[in-house]
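Heads up, the thing below is written out as structure tokens.
What follows is calculated from the coordinates using simple rules that are stated; it is not laboratory data. Treat the numbers as computed from the prediction; the structure is a model and nothing was measured. A quick note on method: Cβ atoms are made from the backbone with ideal geometry, for glycine too, and the neighbour counts reach across all protein chains shown.
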Amino acid sequence: MNYVATIGLEVHVQLKTRSKMFCACAVEFGAAPNTRTCPICLGLPGALPAMNHEALRMTVLTGLMLDCDIAPVCKFDRKNYFYPDMPKNYQISQYDMPLCENGAVPLHDLAYPKDAQKNIGTPDKEVHLVRIHLEEDVAKSFHFETSTGIDFNRAGTPLMEIVTQPEISSPEEAFAFLTSLKQILIYGEVSDADMEKGQLRCDCNVSVRPQSQSELGAKIEIKNMNSISGVRRALAFEIQRQTVALGNGEKLQQETRGWDDAAGETFLMRTKESAHDYRYFPDPDLMPVKTEGLLPEARARVPELPKAKRARFVGQYQVTPYDAGVLADDVELARYFEAAAKGSKKPKNVANWILNDLQSALSSAGKTINDCPIPPDALDELVNLIDSGKISGKQGKEVFGEMFSTGKRAGAIVKDKAIEQVSDSGAIEKLVNEVIAANPKPAADFKAGNAASLNFLKGQVMKLSKGKANPQLAGEILEKKLKG
Amino acid sequence: MSRSDLPALTIADLQSLLRRKEVSPRQVLESLRARIESVEPKIDAYVSIDFEAALKEAETADVNLPLGGVPIAIKDIINVAGQPCTCGSKILAGYRSPYDATVIEKLRAAGAIPFGKTNMDEFAMGSSTENSSVKVTRNPWDVSRVPGGSSGGSAAAVAAGAAFGALGTDTGGSIRQPASLSGLVGLKPSYGRVSRFGVIAFASSLDQVGPLTKTVRDAAMIMSAMAGPDRHDSTSLPDPVPDYTKNLGRDLKGVRLGVPKEYRVEGIDPQVSAAVNAAIKQLESLGAEIVDVTLPHTDYGIAVYYFIATAEASANLARFDGVRYGYRAKDPKDLLDHYGRTREEGFGEEVKRRIILGTYVLSSGYYDAFYVRAQKVRQLIRQDFVKAFEKCDAIVSPTTPEPAFKLGERTTNPLAMYLADIFTNTANLAGICGISVPCGFAKENGSQLPIGLQILGKSLDETRILQIAHAYEQSTDWHKARSPIALDSK
């Protein structure tokens with residue numbers, strides 16, 4: 001029997017506001033425990049929340065980037081439950097009026113795992129969203145041998161919850177969704193979306209059913225994945241597990257499972273319990289905010305999104321769709337490319353240099369495009385030197401290496417090393433004459449039809465010029481002379 | 001005037017002495033300390049006092065500030081940096097606040113010295129101060145009776161001459177009712193007029209901080225210092241704060257006072273009715289015009305109040321769980337046991353009753369029928385006042401149906417206690433302002449028990465109700481009467 005999987009994701013994204021959602025404490029990853037706290041984010045008696053409007057703007061901006069409907073009024077509710085990582089034992093969240101509804105995330109080929117890019121089930125798929133709402137993050141618990149510590153630095157960080165429709169059909173699509181979403185969040189500068197830092201967290205709901213059955217299978221939730229590839233692996237494991245179970249005639253039930261990354265398997269956390277009653281009600285401490293006032297600035301901050309950028313790179317710079325994809329994949333790389341390509345005569349060559357030599361030099365130096373030692377216009381200068389024949393391609397590689405390690409400009413390196421190619425045909429002709437005079441036999445051989453002799457003679461010209469002669473030009477002049 | 005008489009002064013009179021340098025802030029504090037030491041065993045108004053810190057502040061007090069060098073007693077629900085803040089609850093036993101509430105910051109900026117914390121019903125839930133886990137406060141007019149509540153400690157301290165003035169909080173009458181029962185002026189500001197930041201929340205959409213004082217002028221002085229917008233409280237109103245003392249002394253010509261027919265209910269003590277009716281006559285003689293008004297949804301006030309207040313309280317009080325501060329149950333078996341026993345042992349009966357009520361009101365399946373409906377009726381109650389204020393400038397009524405009752409008399413009947421709030425809690429539901437001002441005495445078995453007149457005004461119309469209350473006060477001698485405890489043991 002064939003089984004199909006249905007996957008829906010709940011993604012939590014920390015916004016990179018400077019301060020927390022309801023107080024002035026800094027949002028900062030990695031500070032010493034409980035050093036970024038105040039009476040408000042500690043939930044001390046009497047403390048009240050005060051809205052960080054930047055968090056609202058960033059959420060509205062995310063909604064605009066993902067083509068969501070934006071609610072006219074932003075209202076917050078209290079979600080009541082007891083847990084030590086919740087300072088007030090209620091979380092300020094949004095219940096019946098999320099800031100954003102609907103919308104979608106387009107999946108790009110390059111967002112799929114590398115090994116799956118050749119075999120994409122539904123090219124150009126869009127995963128639709130149910131909603132995006134804003135809430136406050138909770139503290140972080142650390143479990144020691146006999147006790148638990150709580151770090152409240154994270155408590156009160158603005159957190160978006162993005163809920164997808166259950167329309168993801170494979171672990172690879174889930175991977176592509178998260179990669180594409182992350183890219184857009186980074187483009188909009190709303191989050192760094194680093195899963196390892198907990199800036200992006202993802203819970204998966206996955207159910208498996210026989211293809212012939214229309215009703216969805218039992219919904220099983222998986223938690224605790226700490227990377228996008230972890231999500232893929234967890235889903236693959238879980239789909240396989242459920243498929244085998246169903247194949248054995250087992251009946252699956254709604255449950256929550258954890259992902260053990262080291263073991264590469266999921267484990268049962270809890271079975272379906274009586275639905276938790278969160279007793280949501282509007283938070284009387286926070287007055288509703290009209291989003292009208294937030295929209296103009298949020299709209300102005302919507303960047304060119306990856307999809308549009310790829311298309312524009314192809315049209316404007318004549319790069320291949322694949323290269324455009326790779327360049328637009330990383331907004332900083334795209335920015336670099338654009339800076340280098342803008343005044344360039346051969347932007348396609350600039351792209352080639354970035355995608356080949358520059359990327360590999362950066363990765364072997366352990367650098368990113370942000371700390372690239374070669375400024376974009378310097379790269380274009382190098383490309384120009386090669387394209388205009390001032391230096392050979394081979395010399396170009398050498399100059400590039402020098403530029404990368406010293407930060408010097410290409411022109412200066414060429415001048416210092418005196419490696420500028422001789423492309424003056426008068427000068428080369430002089431050399432050619434000398435070589436033909438000194439090597440009568442190979443010259444005669446060529447005339448007699450031995451084409452290989454030309455290469456020997458060209459080599460002699462290069463040698464005589466100490467390697468500076470433009471080899472193409474030297475070949476052409478030799479041939480002309482001999483055939484002459 | 002002898003030093004030991006100082007605490008009998010009003011804030012206004014004390015301020016004149018201080019400005020004329022006839023007394024120093026230090027002398028004021030020392031005489032207050034002596035006074036508290038002598039009366040406190042009889043009334044138990046304070047839960048904690050930090051004279052050392054206060055004396056230090058007195059050294060640098062600038063008497064030219066609006067409240068320069070004036071000690072103010074603070075209800076133990078308001079955070080004062082470095083001082084305990086127990087809310088009258090065992091669950092906050094030993095807790096010291098690391099920060100000042102906005103009202104405390106503002107009072108300090110005006111030169112006032114917050115020197116001590118007053119007793120209260122636990123988490124402001126009650127009308128007698130008997131629900132305190134710390135002690136039972138007694139009424140200085142008759143120590144066998146309650147001072148009212150929940151701001152009973154503040155009321156008793158001022159009425160006993162053991163404070164110049166005090167802050168209370170009013171969620172359903174908790175300033176006005178104890179002011180009435182203790183012969184004081186008590187003002188509940190309009191919702192949003194005074195910042196709630198740093199004030200431990202009972203019911204967030206109803207709570208307001210206000211003064212309990214000997215005179216209307218003193219209340220106006222404290223209000224001028226502490227009212228105003230606060231960026232830490234998003235429910236605070238942006239409107240600028242007037243000088244509330246400015247309109248005091250103006251006559252009542254052309255002022256229309258509404259008397260709601262719904263307030264003529266059964267069960268009002270005849271002595272209270274008589275005193276209030278006489279007060280209305282007195283106001284008329286001062287130039288006010290008396291008009292009949294109607295507040296048709298008054299009957300629903302108590303029910304709506306207990307749905308909304310308990311719902312909000314059930315969430316507000318969730319943070320008291322023994323994880324980060326306060327009382328913690330010993331040797332819990334697991335997390336659930338920790339929560340269960342900490343809260344079982346840490347909260348008193350009335351608080352638990354209201355948490356359970358509020359949890360029920362918000363629970364799925366009942367939320368629409370209780371919470372959502374209560375909010376709709378709250379709107380109707382608001383509308384009642386909006387319409388009534390088209391016909392009048394302020395509404396007058398008794399503050400409470402009866403004068404102070406005996407200690408222990410109502411502790412077994414919470415509903416009777418709840419029903420005594422009928423004249424006060426609709427003002428909280430509507431967000432309007434109200435003041436209680438002394439208007440006579442009831443005589444019970446040889447005791448003189450104060451009666452209060454309530455004057456309600458539209459939102460942000462504090463200036464007007466202070467003006468009316470002041471005109472009335474100055475035309476009577478009620479405010480000059482002093483409680484037996486205040487007269488006693490100089």
Interchain or sequence-distant (5+) residues whose placed amide H lies within less than 5 Å of the amide H of B:Arg145 are B:Asn139, B:Leu407
Mean other chain Cβ within 10 Å across B:96-103 is 2
If each K or R counts +1 and each D or E counts -1, the residues other than A:Ala236 whose Cβ falls under 15 Å of its Cβ total -3
Here the relative contact order (percent) of chain B, from C-alpha pairs under 8 Å and at least 6 apart, is 18
Percent relative contact order for region A:425-483, counting Cα pairs under 8 Å at least six residues apart, stands at 42
Quick calc, A:Asn226 & A:Asp277: beta-carbon distance into FRET formula, R0 41 Å, rounding 0.05, result 0.85
Excluding near-sequence neighbours (fewer than 8 apart on one chain), region B:61-205 holds lysine pairs with C-alpha atoms under 22 Å apart numbering 11
Across all Cα atoms of region A:3-298, Rg and the largest Cα-Cα distance (Dmax), in Å, are 19.5, 58
Here the gain from full extension of A:Thr368 to A:Asn352, 0.36 nm per residue of separation minus their alpha-carbon distance, amounts to 4.0 nm
Treating only Lys and Arg (+1) and Asp and Glu (-1) as charged, each at its beta carbon, one finds that region B:1-159 has a dipole about its Cα centre, in Debye to the nearest 20, of 100
Among region B:265-297, those whose backbone N falls under 15 Å of a label point 7 Å along Cα→Cβ from B:Ala416 are B:267-269
Note, A:Val73: beta-carbon cut-off 14 Å, +1 each Lys/Arg, -1 each Asp/Glu, net -4
For region A:1-76 the translational diffusion coefficient, Stokes-Einstein from a Kirkwood Rh over Cα pairs at 37 °C and viscosity 0.692 mPa s, in µm²/s, is roughly 212
Pseudo-spin-label distance B:Glu345 to B:Lys135, built 7 Å along Cα→Cβ, given in nm, is 2.5
Taking the square root of 5λ for each eigenvalue of the C-alpha gyration tensor of region B:143-231, the equivalent ellipsoid has semi-axes, largest first and in whole angstrom, of 21, 15, 9
Label model pair A:Glu434, A:Lys415: point-to-point distance (7 angstrom along the Cα→beta-carbon line) in nm is 2.7
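Which length gain, in nm to one decimal place, applies between A:Leu268 and A:Lys481 when the Cα-Cα distance is subtracted from 0.36 nm times their residue separation?
Contour length minus Cα-Cα distance gives 68.3 nm.
Over all residues in B:356-363, what is the mean tally of Cβ atoms on other chains that come within 10 Å of each residue's Cβ?
Averaged over the peptide's residues, the number is 2.
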Ranked output for segments B:304-311, A:381-388, A:108-115 by mean other Cβ atoms within 10 Å, highest leading, reads B:304-311, A:381-388, A:108-115
In nanometres, the difference between 0.36 nm per residue of separation and the alpha-carbon distance of A:Lys466 and A:Ala24 is 152.4 nm
The FRET efficiency for B:Tyr366 and A:Lys342, from their Cβ-Cβ distance with R0 = 45 Å and rounded to 0.05, is 0.10
The FRET efficiency for B:Ile290 and B:Lys21, from their Cβ-Cβ distance with R0 = 45 Å and rounded to 0.05, is 0.45
Put in order of increasing Cβ neighbours within 10 Å, starting from the fewest, B:His297, A:His12, B:His470, A:His143 give A:His143, A:His12, B:His297, B:His470
Quick note on A:Met269, B:Met221, A:Met51, A:Met225, ordering by fewest other C-beta atoms within 10 Å, gives A:Met269, A:Met51, A:Met225, B:Met221
Counting Lys and Arg as +1 and Asp and Glu as -1 over every other residue whose Cβ sits under 14 Å from the Cβ of B:Gly228, the net charge comes to -2
Checked against the positive end of the charge dipole of chain A (+1 on Cβ of Lys and Arg, -1 on Cβ of Asp and Glu, about the Cα centre), the farthest of A:Leu362, A:Ile162, A:Met269 is A:Leu362
Measuring from its Cα centre, region A:3-298 shows a charge dipole (+1 at each Lys and Arg Cβ, -1 at each Asp and Glu Cβ) which, in debye to the nearest 20, is 340
Scattering profile of region A:223-311 from the Debye formula, Cα beads only, expressed as log10 I(q)/I(0) at q = 0.23 Å⁻¹, is -1.12
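Need one number: the % of Cα-Cα pairs in the protein assembly as shown sitting beyond the 56 Å mark.
35
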HN-Hα couplings for region B:418-435 via Karplus (6.51, -1.76, 1.60; θ = phi - 60°), in whole Hz with x for Gly/Pro, come out as 4, 5, 5, 8, 4, 7, 9, 6, 5, 5, 5, 5, 8, x, 8, 9, x, 9
Residues of region A:217-249 with backbone N under 17 Å of the label point set 7 Å from the Cα of A:Lys197 along Cα→Cβ are A:226-228
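I'd like to compare A:438-444, A:237-243: which one has the highest average count of other Cβ atoms within 10 Å, and what's the full order after that?
Per-residue mean Cβ counts within 10 Å order the peptides as A:237-243, A:438-444.
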Footprinting proxy, B:Arg464, A:Arg232, B:Arg196, B:Arg176: sorted fewest to most Cβ within 10 Å, the residues are B:Arg464, A:Arg232, B:Arg196, B:Arg176
Output field shielding_mean for B:226-239 (other chain Cβ, 10 Å radius) holds 2
Cys residues of chain A with no disulfide-compatible partner (no other Cys Cβ under 4.7 Å) are A:Cys23, A:Cys25, A:Cys38, A:Cys41, A:Cys74, A:Cys202, A:Cys204, A:Cys372
Taking Cα pairs closer than 8 Å and at least 6 residues apart, the relative contact order of region A:81-143 in percent is 45
